[in-house]
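S.K.: Once you've had a glance at the structure underneath, I'll fire off some questions.
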Amino acid sequence: MAGKHSRTRIFSSPAGIVATAALGVALAVGGTVGAVQLTSGSDQSGQTALDLTPTTAASSLTPSSPSVSPSVSASPSVTASPSATRSQQAASRSKDRTASPKPKPTVKKTTAAAKVLESGSCGASFYSDGQLTANGESFNPGALTAAHKTLPFNTKVRVTNPANGKSVTVRINDRGPFIDGRCLDLSRAAFATIASVDVGALTVRYEILG
C-alpha cells in the first residue's frame, strides 16, 4: 500500500540546508524517494522553506521474496554388498582324514659290552722312558698303552685296582715287563689313572677284551 505525506520545514541558516540535504540522501538510499523544494519567502529575510514529499513505491514496501534455496539432491542410494558365496568343498575334504604319523622315538645306540676272553690277577708297574715300542711306534708316556710278554699287539686289556675300584683300558703295543710276578707294564698315564705313581707297583685284576 502506497502512502504519501508532505512536510514543510523552514530553515534559517545554510547549515540547516546541508543537514536537510544529507537527510534526503539517506532517505533515497533506504528506498524512499523525496522531493525537496527549496523556497525563499519574500516576506521573511534569510529563511528558506523545504518541502519534503517522500514517496514510497508500493513495490518498495513489499518485502522481496526470498530466493529459492537450491534443492537438496537426494543422497546416493546404498548398493547392497554382494552376498558371500561358499565355494564347493574340494573332493578331498569329503574323504576321511588320515592321522598324521607320530614321530618315532629316537633309539639310542648302545655299545655292546666288550666280551671278556680271559681274566686274572698279577703285578703291574709303569715306565715312562723309551724311544720306540716293540710294534715300531714312538713311545708316548701320556697315552693309555701297556707292555705284555705274549699278548698280540693292539689287544685291549681292562686293568682294575682292587683297592679303590678304579679301572683303565689300555692297548698292548710293547713287550715286557721282564720281572718275575709282573705281567703288565703300564704307561705312566695309565698307571696314574688307577693309583699314585709313588706306589711304583701293585697287584691288579686284568681282563682281556675281545
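No value in this document is a laboratory result; all are computed from the given coordinates. Values in this document were obtained by computation on a predicted structure and should not be read as measured data. All Cβ positions, even for glycine, are placed from backbone atoms using ideal geometry, and neighbour counts span all protein chains on display.
S.K.: Once R0 is set to 22 Å, what does the formula 1/(1 + (r/R0)^6) return for the Cβ-Cβ distance between Lys166 and Leu209, expressed as a FRET efficiency to the nearest 0.05? Don't skip to the answer; put the middle values down first.
M.R.: Numbers: r = 17 Å, r/R0 = 0.78.
Result of the calculation: an efficiency of 0.80.
S.K.: Further, regarding this structure: Give a residue-ordered list of calculated ³J(HN,Hα) values for region 130-146 (Karplus: 6.51 cos²θ - 1.76 cosθ + 1.60, θ = phi - 60°; whole Hz; x for Gly, Pro).
M.R.: Using θ = phi - 60°, the values come out as x, 9, 10, 8, 5, 8, x, 7, 6, 5, 10, x, x, 8, 8, 10, 7 Hz.
S.K.: If you don't mind, there's one more thing I want to ask. Between Asp198 and Ala112, how high is the FRET efficiency from 1/(1 + (r/R0)^6) when r is the Cβ-Cβ distance and R₀ = 45 Å? Nearest 0.05.
M.R.: Values: r = 37 Å, r/R0 = 0.83.
Plugging the Cβ-Cβ distance into 1/(1 + (r/R0)^6) gives 0.75.
S.K.: With θ taken as phi - 60° and the coefficients 6.51, -1.76 and 1.60, list the Karplus ³J(HN,Hα) couplings across region 154-170 in order, rounded to whole Hz; mark glycine and proline as x.
M.R.: 6, 5, 9, 10, 9, 10, 10, 8, x, 5, 10, x, 6, 9, 8, 9, 10
S.K.: Tell me whether region 156-207 comes out rounded, prolate or oblate; compute the Cα gyration tensor, take square roots of the eigenvalues as a ≥ b ≥ c, and use a/c under 1.5 as the rounded threshold. Please report the intermediate quantities before stating the final value.
M.R.: Working: a/c = 1.44, a/b = 1.21, b/c = 1.19.
In terms of gyration-tensor shape, rounded.
S.K.: Between Phe153 and Ser138, what is 0.36 nm times their sequence separation minus the Cα-Cα distance? Round to one decimal in nm. Could you put the intermediate results ahead of the total?
M.R.: Numbers: separation 15, 0.36 × 15 = 5.40 nm, distance 1.43 nm.
This chain segment gains 4.0 nm when fully extended.
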